[in-house]
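Notes follow the structure.
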Amino acid sequence: MEKPKLQIFNSMSKQKEIFKPIEEGKVGMYVCGVTPYDFSHIGHARAYVAFDVLHRYLKYLGYEVKYVRNFTDIDDKIIKRANEKGEDPLSLSKRFSEEFLYDMAELNCLPPTHEPRVSDHLDQIKDMITKILENGHAYTIEGDVYFSVDTYPDYYCLSGRKSDDNRAGGGGRVVVDTRKRNPADFALWKAAKLGEPSWESPWGPGRPGWHIECSAMSAHHLGDFFDIHGGGKDLMFPHHENEIAQSRSACPQSKVNYWMHNGFVNRDNQKMSKSDNNFFTIRDIITIYHPLALRFFLLRTHYRSDVNYSDKALDTASDRVFYMYQTLHECEIALSPFRSENFKGQVPADVKEQIEKFHTEYLSSMSDDLHTTTALDDLVDLLKTINGTLKKFKGKKQQQPLILSLLALEKEVKDFLDSLGLLSLSTVSEVLQQLKDKALKRAGFTEEEVQQKIEERNLARKNKEYEKSDLIREELYLKGISLMDEPKGTIWRPSEPPEKKSEENVDTPIDKPIS
């Protein structure tokens, strides 16, 4: 099967382009990392899940990917927070860098090839600043070094801005300096100040500006010419605009072929940000929702679009993940007696055709600028086919066609989930238990309390106290716990609380027999 050509939206050209790597079969990719002064928030999860999907899909297509994601471990925000806490800035940034890596592992993000830190690349940064000065694109003032925007005619080539709003330093990381030749000029090197860490340089003791760090680290690890540079769309200006100006001013041959930017996470249609104090940390969310539910929630929206956060959306995502894993679990149970047998024969034609159609549509969706939403929607049909096959499986003597069908369907589903980072390193049964534990936490119940409610309900039903049994079932249902009566007894599973379903009138199941 010939794979469709990957198209990605290039922020520089403002259109989708067919991806053509600089070197056949290899991809160099740089994604701007975090400034580690606190726990990472859901906006960080948005960015790094999006680029993890790109990383995984490039590998899926057979590329050897060199993925670089940095830590800005020297920065104004880190110094301010460290001074507030009476802590060494590098110690604080190292601690929160480790917390970030923990969150990324929880979200099932593959580790990048390299994770450079500013503090380890000061020589490369100083060398790049020296080249920019030698090429006439920067100037020094009392130990500070500024990039001169007026010397670079292609400034605004990425963002498309027509005029500067005097915030070229951007991101709350600079103060107005009247010594600058142009208010848009930004710092490459900042002279040492009392209470701040500093390093020796040709311009005196000090530390790097924000933007120069990524230019120096990307050039060091990927060269002056590489394939993809990514980050949140808030980085397009000033950070990425300034990176381009610096890199080309140091090395005129410097170029990135594809610039990619992900959308924001909004809350009540307003961008989540620490400055507005309307954000959730990743840790906040994965305390009560499974990390795969958060990942699924993020993948339900195309990476370039903004995501609107809500508990309802997380409940829905959690429910979908449970359904996926419950289906795989039941499939594993059915197939467990036959794993060691060497089955020969063809997968039934209708199932084979469905798998091939799904796979073709998956490649088409993902190669069209990573349309994960469409791919996830298409998965539902495969899961329904597995469940339908499992129903046929019971009590059949001629089971080989069904076994071959289940084996092929299971493999396709697991391969698909793995390509999107939705296949956990834990076993399927472990993930189901983790999802149940999170549901209990959201509901405010323990496993023992739920079992006690089930026993109370069973007794009420035995005594024909149907109103009481209905109330018990409804109480749990409203908390996101559904009861199911099976031949072996009543069991429970997590479910989306009905009051949080969108525009649906959900009837609570009742126990009283219909007369």
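Miscellaneous remarks
- Listed conditions (1) at pLDDT 95 or above; (2) surrounded by 15 or more Cβ atoms within 10 Å (Cβ to Cβ) are all met by residue 196, apart from (1).
- Within the range 349-379, the set of residues being small (Gly, Ala, Ser), touching a residue at least 24 places away in the same chain (Cβ under 8 Å) and open to solvent by less than 50 Å² (accessible area, probe 1.4 Å) comprises 367, 375.
- Screening 475, 499 for residues that are open to solvent by 20 Å² or more (accessible area, probe 1.4 Å), at pLDDT below 95 and either assigned to a helix (DSSP H, G or I) or touching a Gly at 6+ places or on another chain (Cβ under 9 Å) (or both) leaves exactly one candidate, 499.
- The set of residues from the range 6-28 being surrounded by 13 or more Cβ atoms within 10 Å (Cβ to Cβ) and in a loop (DSSP other than H, G, I, E, B) comprises 6, 11, 12, 19, 21, 22.
- Any hit, the range 308-323, residues being under 25 Å from residue 105 (Cβ atoms), in contact with a Ser or Thr (Cβ under 7 Å, 6 or more places away or on another chain) and either in a helix (DSSP H, G or I) or modelled with pLDDT under 95 (or both): yes
- Verdict on residue 412 being among the acidic types (Asp, Glu), at pLDDT 95 or above and over 20 Å from residue 300 (Cβ atoms): yes
- Condition met for residue 346 (more than 19 Å from the chain's Cα centre (by Cα), open to solvent by 30 Å² or more (accessible area, probe 1.4 Å) and in contact (Cβ under 8 Å) with a residue 40 or more places away in the chain): yes
- Filtered residues of the range 400-422 (kept if assigned to a loop (DSSP other than H, G, I, E, B) and either in contact with a Cys (Cβ under 8 Å, 6 or more places away or on another chain) or within 15 Å of residue 383 (Cα to Cα) (or both)): 421, 422
- For the range 204-218, a residue qualifies if it is over 20 Å from residue 55 (Cβ atoms) and either small (Gly, Ala, Ser) or surrounded by 24 or more Cβ atoms within 10 Å (Cβ to Cβ) (or both), and the qualifying residues are 204, 206, 207, 208, 209, 210, 211, 212, 213, 215, 216.
- Applying the set (1) touching a helix residue (DSSP H, G or I) at 6+ places or on another chain (Cβ under 6 Å); (2) within 30 Å of residue 268 (Cβ to Cβ) to residue 331 leaves exactly one unmet item: (2).
- Flag for residue 241 being under 19 Å from residue 142 (Cβ atoms) and among the charged types (D, E, K, R): no
- The strands (runs of 3 or more DSSP E) located wholly in the range 219-279 that include 2 or more residues which are open to solvent by less than 10 Å² (accessible area, probe 1.4 Å) and touching a strand residue (DSSP E or B) at 6+ places or on another chain (Cβ under 9 Å) occupy 225-232, 255-262.
- All of (1) within 30 Å of residue 110 (Cβ to Cβ); (2) crowded, with 19+ Cβ neighbours inside 10 Å hold for residue 389 with one exception: (1).
- Counting the residues of the range 123-165 that are part of a loop (DSSP other than H, G, I, E, B), closer than 12 Å to residue 203 by Cβ and open to solvent by less than 50 Å² (accessible area, probe 1.4 Å) gives 1.
- Within the range 461-491, the set of residues being farther than 25 Å from residue 432 by Cβ and either of a type in the set (S, T, N, Q) or in contact (Cβ under 8 Å) with a residue 40 or more places away in the chain (or both) comprises 461, 463, 466, 467, 469, 470.
The values are calculated or read from the model by the stated rules, or taken from the named source; none is laboratory data. These figures come from a predicted structure and were not determined experimentally. Every residue, glycine among them, receives a Cβ derived from its backbone with ideal geometry; neighbour counts consider all protein chains shown. These accessible areas exclude ligands, DNA and RNA; they are computed on the full protein's heavy atoms, side chains included. Shrake-Rupley method; radii C 1.70, N 1.55, O 1.52, S 1.80 Å.
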